[in-house]
Amino acid sequence: MKDLLALLFGAAIVVFFSYDRFNRTTDEAGQQLQRLVNQLSPDKLRSGRVVFHAYTFYALTFLVIYFLLCAYAELIPALGGPDITVGASKLPSLANEENPQTPVGSLLVQTGGNLIDAILHQSLTTPKVSTSADQTSIGIDSSTSMAVALMIVGLAPAFPILQRFEVWMRGAAHRLAGIPTRVLSVRDELRTGTIDLTFSAEGAIPSDTLLIPRSDWARLLYYRSLAKGPREITEDFHRDLALVIAVSAWVIDHRLKLSNPHARDRFSHLEEELKNRKGLLIAALDEKTEFGTRGQSREKYGDELSSPAVPGVEVGTSSPESWDRLVSDVDNLADDVCVLLAIYIEHDIIVPEPTSKTSQGSVPIQRKLAREKLDLFLNEHLSDQEGATRLNSSTAVTGLWVLSVVALVAILWSLFFGSLELHLQLGEASDPYWRIMVYLSTALTAYCIPMFTALAIRDGSKQLRRWHNFFDSNLKWTIFVPQAAFVLLASWGVATVLVLGVALWQAGVTLGWDDSADRFWSTLRSTFAYNAPTAVRGAFLALIVVLILDARRSRWHAWLRKSSRRSLVLAFGAALFMALVGGGTRLLSTQAGTLGASVPRSSGIVIDHIDRGLIAYAAIYTALLAFCVVFSVAEVVRTQRFRLSLAITEAKAG
């Protein structure tokens with residue numbers, strides 16, 4: 001028992017302590033964030049929801065690596081790691097002559113092709129499972145579990161292959177979440193836009209100052225009046241400088257009220273850094289252009305002239321910078337200001353502001369005009385925030401609904417029809433608690449794992465802007481078919497690998513460990529033949545759910561959102577299709593079981609009344625589960641979209 005507790009404790013260490021490694025910066029964009037990257041960890045570059053999804057993918061991957069290395073500790077020295085002599089050091093295979101058991105092949109036929117069911121059934125019906133004295137041991141020493149867990153999270157020296165794999169996996173998880181590519185993409189798009197600051201024809205400070213200090217307006221006008229100098233002052237220079245000054249006044253100097261103050265506090269040091277850099281830049285520009293010292297500028301702007309206060313720097317003490325350096329500094333600061341805006345959009349700090357009646361006072365009017373300028377500059381991305389990006393949050397809601405529905409249906413089926421199915425399958429009555437464990441574990445592996453994989457693929461592809469909506473009228477079949485095939489194969493493959501791993505480990509622990517490679521590969525082939533078709537059901541159900549999520553962004557959503565009856569029709573259609581898939585995959589497992597039986601049937605592959613009954617049960621169970629999942633997801637999508645549309649309409653109506 002202590003070995004099992006140590007294994008679970010090691011898994012907890014991997015989950016909780018691996019976050020620090022996941023949150024290390026991976027600057028896949030080269031030097032594009034070199035000025036800010038040290039201050040922007042991955043959890044600050046994306047919203048908490050997206051980071052959680054990426055970390056879940058990262059942690060689950062290393063949990064699989066952890067269990068693999070614990071089970072096969074002999075692989076660690078071969079991979080360049082330390083020599084761990086304890087733990088499970090032999091691969092699982094069929095029982096040998098010294099450990100006489102019922103052959104796994106015949107048990108698989110009796111249990112309909114599920115190796116886990118076969119092992120559990122044998123453990124209940126065989127009085128002597130192994131010659132080992134300790135029947136509660138899982139075959140992994142507690143010191144092995146702790147050593148492997150500490151190596152994975154970096155609290156103990158790790159071997160080079162594991163370190164390189166961790167770096168690659170961390171980068172893959174970050175790319176899946178769009179870190180830092182999402183922020184850089186928004187930054188690049190903002191750099192192509194312009195904040196429209198209107199200047200009067202006479203070259204005077206406008207009456208609508210838009211909350212920008214009059215001294216900064218004077219600077220913008222004065223710099224613009226210098227058409228020539230040691231270097232041509234281009235329009236890009238004026239545009240970037242206007243962007244820096246406007247955003248500094250509205251956002252960094254807190255002259256506009258933004259949302260989510262708790263999230264904004266995390267970036268106070270970033271705002272302070274940008275504020276100081278802006279002050280140094282303005283001071284250098286003032287000195288280079290002699291702003292405030294020439295008689296003409298003093299006479300024209302008078303008391304509006306003032307120099308920014310920069311901590312630790314006295315005005316007039318710095319040496320004038322070259323124009324090339326100043327133009328480069330303005331360009332870099334404009335880049336970083338756009339990064340700040342992209343981060344604030346991502347973290348819901350800048351959100352669309354509902355239209356409200358304008359107050360009569362001058363300050364509210366200026367605030368309203370300034371906010372309109374900012375919203376116009378961020379218009380496209382604030383629209384995404386209201387629409388597609390917001391709707392992506394249904395991915396987590398969909399996953400939670402699928403997990404809950406699958407677990408509930410599996411438990412109810414095991415308590416009622418499951419007793420009849422297993423009685424037909426095993427020829428004897430079964431314990432209800434054992435049935436719940438079997439059906440629940442099988443359902444979570446065969447249905448939830450493919451579902452989570454498909455949702456992760458869709459969400460990650462959307463973050464990278466590589467996902468094509470299946471209902472896009474311009475989508476060609478050459479794109480539709482490969483994308484659907486990839487979702488099916490990836491979700492099926494992940495579930496199959498997990499099923500094989502669990503089944504082989506259970507075979508090794510319950511039936512004994514043997515070092516015969518022939519027996520191992522024989523067990524692997526038979527396990528794949530029996531269990532791989534089961535994961536196909538989950539892959540097809542996952543593809544149906546992905547299609548429903550894509551339908552909300554198409555004309556089909558107008559058909560779906562009219563009433564719950566449309567969701568029922570969709571669920572019935574999915575149930576009929578999945579009944580065929582469930583029955584067909586069960587038939588494949590039955591045929592594989594007949595071919596792999598220890599005592600082959602004289603007439604080859606024969607489907608008897610027991611097989612037909614099990615196929616019928618599989619079809620009914622799959623159809624019932626698909627109906628509940630599809631109806632729940634369709635209703636969630638329908639009501640979420642309706643509520644969001646209603647909220648947008650009310651906000652626009654003021």
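The values are calculated or read from the model by the stated rules, or taken from the named source; none is laboratory data. Please read all numbers here as calculations on a predicted model, not as lab measurements. Note that we place each Cβ from the backbone using ideal geometry, even for glycine, and neighbour counts take in every protein chain shown. Ligands, DNA and RNA are excluded from the accessible area calculation, which covers all protein heavy atoms including side chains. Shrake-Rupley method; radii C 1.70, N 1.55, O 1.52, S 1.80 Å.
Considering segment 1-16 alone, what residues qualify as being surrounded by fewer than 16 Cβ atoms within 10 Å (Cβ to Cβ) and within 24 Å of the chain's Cα centre (by Cα)?
A12, F16, listed by residue number.
Might you let me know whether segment 551-567 holds any residue that is at pLDDT 90 or above, open to solvent by less than 20 Å² (accessible area, probe 1.4 Å) and under 12 Å from A634 (Cα atoms)?
no
Quick one: would you say D336 is open to solvent by less than 70 Å² (accessible area, probe 1.4 Å), in a helix (DSSP H, G or I) and modelled with pLDDT of 85 or more? Spell out how you get there, then give the answer.
Details: open to solvent by less than 70 Å² (accessible area, probe 1.4 Å): yes; in a helix (DSSP H, G or I): yes; modelled with pLDDT of 85 or more: yes.
The answer is yes for D336.
Picking from T594, T590, which residue would you name as being part of a helix (DSSP H, G or I), of a type in the set (V, I, T), over 21 Å from S491 (Cβ atoms) and at pLDDT below 80?
Selected residue: T594, the only one of T594, T590 that is part of a helix (DSSP H, G or I), of a type in the set (V, I, T), over 21 Å from S491 (Cβ atoms) and at pLDDT below 80.
Among the residues of segment 156-176, are any more than 16 Å from R24 (Cα to Cα) and charged (D, E, K, R)?
Within segment 156-176 (the criterion being more than 16 Å from R24 (Cα to Cα) and charged (D, E, K, R)), the answer is no, since none of the residues qualifies.
Is segment 208-231 home to any residue that is at pLDDT below 85, among the β-branched types (V, I, T) and open to solvent by less than 60 Å² (accessible area, probe 1.4 Å)?
So far as segment 208-231 goes, yes, one or more of its residues are at pLDDT below 85, among the β-branched types (V, I, T) and open to solvent by less than 60 Å² (accessible area, probe 1.4 Å).
Condition (residue is closer than 21 Å to G582 by Cα and at pLDDT below 85) applied to segment 458-465: is it met by at least one residue?
Going through segment 458-465, the residues closer than 21 Å to G582 by Cα turn out to be none.
The answer is no, given that none of the residues of segment 458-465 is closer than 21 Å to G582 by Cα and at pLDDT below 85.
How many residues are in a helix (DSSP H, G or I), within 30 Å of H238 (Cα to Cα) and not hydrophobic (A, V, I, L, M, F, W, C) if we restrict to segment 160-193?
The qualifying residues number 7.
Search segment 322-347 for residues that are without any contact (Cβ under 8 Å) to a residue 60 or more places away in the chain and pair each with any residue that is assigned to a helix (DSSP H, G or I) when their beta-carbon atoms are under 7 Å apart and the residues are at least 6 apart or on different chains.
Here the result reads L326/A284; L326/L285; L326/K288; D329/L281, each pair linking segment 322-347 to a residue that is assigned to a helix (DSSP H, G or I).
Taking segment 41-78 as the search range and keeping residues that are modelled with pLDDT under 80 and in a loop (DSSP other than H, G, I, E, B), which one is surrounded by the fewest Cβ atoms within 10 Å (Cβ to Cβ)?
Applying the filter and picking the extreme gives E74.
Would you mind finding the one in S419, S430 that is under 26 Å from R612 (Cβ atoms) and open to solvent by 30 Å² or more (accessible area, probe 1.4 Å)?
Testing whether each residue is under 26 Å from R612 (Cβ atoms) and open to solvent by 30 Å² or more (accessible area, probe 1.4 Å) leaves just S419.
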